[in-house]
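The structure under discussion appears below in the form of structure tokens.
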Amino acid sequence: MKKSRKRLGDLLIEEGFITPEQLQTVLNEKAPNQKIGDALLQRGYITDQQLAEVLEVQLGIPHVNLFHYPFDTNLFSLISKETAKRNLIIPLKKEGNKLYVAMVDPMDFIVIDDLRLSTGFQIETVIATKDGVLRAINKYYNVDEDLEELFDDLSSSDRGRDDDVTDLDSPIVRLVNQLLTNAVIQKASDIHIDPHETKVVIRYRVDGVLKVERVLPRHMQSVLTARIKIMANLDITEHRIPQDGRIKLNLEFHPIDLRVSTLPTVYGEKIVMRILDMGAALNDLTKIGFNTLNLKRFSELIEQPTGIVLITGPTGSGKSSTLYAALNKLNSEQVNIITIEDPVEYQLEGINQIQVNINVGMTFAAGLRSILRQDPNIIMVGEIRDKETAEIAVRASLTGHLVLSTIHTNDSLGTITRLVDMGVDPFLIASSLSGIVAQRLVRKVCRDCGEIQEATKREVEIFARRGMKIDKINRGKGCPSCNMTGYKGRIALHEVLVLNDEMRRVIMNDDSIQNLRELAIKNKTIFLIDDGLLKVKQGLTTTEEVLRVAILE
């Protein structure tokens with residue numbers, strides 16, 4: 001009797017990767033021809049690794065880890081890079097007349113037939129994760145040839161140097177494209193190109209932490225810099241002053257926006273490229289990491305018709321993402337939303353966005369004055385940097401507008417000190433400010449290698465100081481999908497301070513910050529450290545990560 005194969009959804013529920021409710025939601029919402037595994041991945045209910053493990057059980061096909069796989073690079077000539085990328089496959093090894101191929105979808109019999117005909121081998125399939133296959137293709141396919149060709153070009157002569165940086169088939173163009181593609185696959189937020197005395201180091205910032213991706217010889221620096229400057233429309237003859245530019249391109253049919261900044265250093269120009277992934281722009285408040293109370297308070301703050309709501313935190317703490325998510329929630333045809341930003345990061349449908357341009361006198365303050373004549377309901381100011389901008393924002397909120405903005409301070413209470421320090425009158429702050437959100441990003445424990453462990457004595461003490469108990473902690477031991485770090489992805493910690501009448505009185509009387517803190521505690525404000533420790537209890541992050549960004553008092 002033929003043994004019936006279990007359905008993928010049921011297997012995932014058995015393994016505890018998803019709940020029956022999540023499966024039902026996906027079955028109801030997915031497109032008719034979309035595979036259930038892809039639909040679950042897209043919504044973030046499962047990881048690539050979990051899908052591969054369950055497919056192994058369902059199909060009886062082994063799954064392979066490509067992280068340190070000893071590839072036979074001679075086999076890459078059998079399957080072209082384009083074919084490998086299009087079908088998400090990579091050749092592993094051959095034994096006699098059998099060719100072993102890693103596939104994301106080992107049930108794609110059309111691809112298997114095509115491979116059999118084109119290579120002349122019997123095809124044996126194994127399962128691999130999409131992430132693993134893409135990384136392997138970008139890492140191993142014709143990289144070394146590109147670099148060798150580039151060294152030959154550079155060492156043979158200086159001729160054709162200008163053609164090299166513009167000709168789309170030249171090695172330097174391929175190298176830059178490869179660096180960008182790798183960064184996107186690894187979900188890096190920034191690419192750093194650091195010139196040193198004898199080498200050029202390329203680093204990626206992944207989940208907020210920099211790691212070295214590649215080291216190039218020093219003589220490649222000038223062509224690399226020239227290529228990036230040409231892409232960003234910068235002046236390639238100017239090396240003495242910092243320059244800023246932008247690159248828009250499609251990588252693997254995926255729109256990517258890069259902000260490019262160059263800075264002259266002792267050994268040449270350092271380049272930093274911030275990757276704004278248009279496809280992954282978070283525009284949903286419920287997915288940013290607010291806990292239930294904070295989400296309710298923040299939603300109430302932004303739904304008020306007037307007042308200022310400030311989001312505070314250091315560079316790269318996700319302030320813009322939270323602002324955009326708030327604007328997305330408020331965006332409807334009944335309201336006129338105008339923003340002034342430096343630079344405009346994500347373009348939002350139905351919102352009027354203005355770019356600051358200091359060269360022509362379009363500063364935050366000047367733009368804000370003009371916005372007030374445009375009959376806005378909601379104004380978003382990219383950043384409050386000076387007294388003039390702060391005062392106009394305050395006056396705009398007092399004349400019936402909702403103003404959203406960011407400011408650089410350490411925590412929510414420090415923002416009030418900062419505004420007073422800028423020269424804004426305390427009575428204006430008290431009457432206009434509705435609330436302040438302090439935000440930090442911490443790395444999430446990798447879902448594929450997280451293990452429940454006993455909490456250490458020090459962790460128990462830290463939790464006790466904040467009035468909480470902890471006995472078990474989730475930690476990642478390191479696996480290929482998180483690059484052996486134990487962390488994958490990031491989540492935000494929040495401190496939402498809602499100003500009430502008592503707090504306004506304290507601000508108007510210019511009383512101490514300590515009084516404000518006591519009132520905030522009385523008002524059940526969840527401070528950054530507390531929100532972080534709550535997320536540790538939920539198994540989302542670790543105590544070390546929380547203490548990296550929040551101060552234990």
Listed residues 72, 114, 131, 105; which is of a type in the set (Asp, Glu), over 26 Å from the mean Cα position of the chain (by Cα) and closer than 22 Å to residue 448 by Cβ?
105
Which of (1) modelled with pLDDT of 90 or more; (2) more than 20 Å from the chain's Cα centre (by Cα) is the odd one out, the single condition residue 443 does not satisfy?
(2)
Report yes if residue 317 is within 24 Å of residue 414 (Cβ to Cβ) and not in a strand (DSSP E or B), otherwise no.
yes
Specify which of the listed residues (259, 297, 274) is among the basic types (Lys, Arg) and in contact with an Asp or Glu (Cβ under 7 Å, 6 or more places away or on another chain).
274
Tell me, which strands (runs of 3 or more DSSP E) lie completely within the stretch 397-465 with 1 or more residues that are without any contact (Cβ under 8 Å) to a residue 40 or more places away in the chain and surrounded by fewer than 19 Cβ atoms within 10 Å (Cβ to Cβ)?
450-454
Starting from residues that are more than 13 Å from residue 271 (Cβ to Cβ) and hydrophobic (A, V, I, L, M, F, W, C), keep the ones in the stretch 200-219 and report whichever is surrounded by the most Cβ atoms within 10 Å (Cβ to Cβ).
206
Flag if residue 552 is in contact with a Lys or Arg (Cβ under 8 Å, 6 or more places away or on another chain), aliphatic (A, V, I, L, M), surrounded by fewer than 20 Cβ atoms within 10 Å (Cβ to Cβ) and within 27 Å of residue 417 (Cα to Cα):
yes
Over the stretch 346-385, the set of residues of a type in the set (Ser, Thr, Tyr) and more than 24 Å from residue 400 (Cβ to Cβ) is 346
Unique match (being open to solvent by 30 Å² or more (accessible area, probe 1.4 Å) and β-branched (Val, Ile, Thr)) among 228, 236
236
Just to be sure before I move on: is residue 299 within 17 Å of the chain's Cα centre (by Cα) and of a type in the set (Ser, Thr, Tyr) in the structure I sent?
no
Given the structure, is residue 369 in contact with a Phe, Trp or Tyr (Cβ under 9 Å, 6 or more places away or on another chain) and without any contact (Cβ under 8 Å) to a residue 24 or more places away in the chain?
no
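The values are calculated or read from the model by the stated rules, or taken from the named source; none is laboratory data. Values in this document were obtained by computation on a predicted structure and should not be read as measured data. Cβ atoms come from the backbone with ideal geometry, glycine included; neighbour counts cover every protein chain shown. These accessible areas exclude ligands, DNA and RNA; they are computed on the full protein's heavy atoms, side chains included. Shrake-Rupley method; radii C 1.70, N 1.55, O 1.52, S 1.80 Å.
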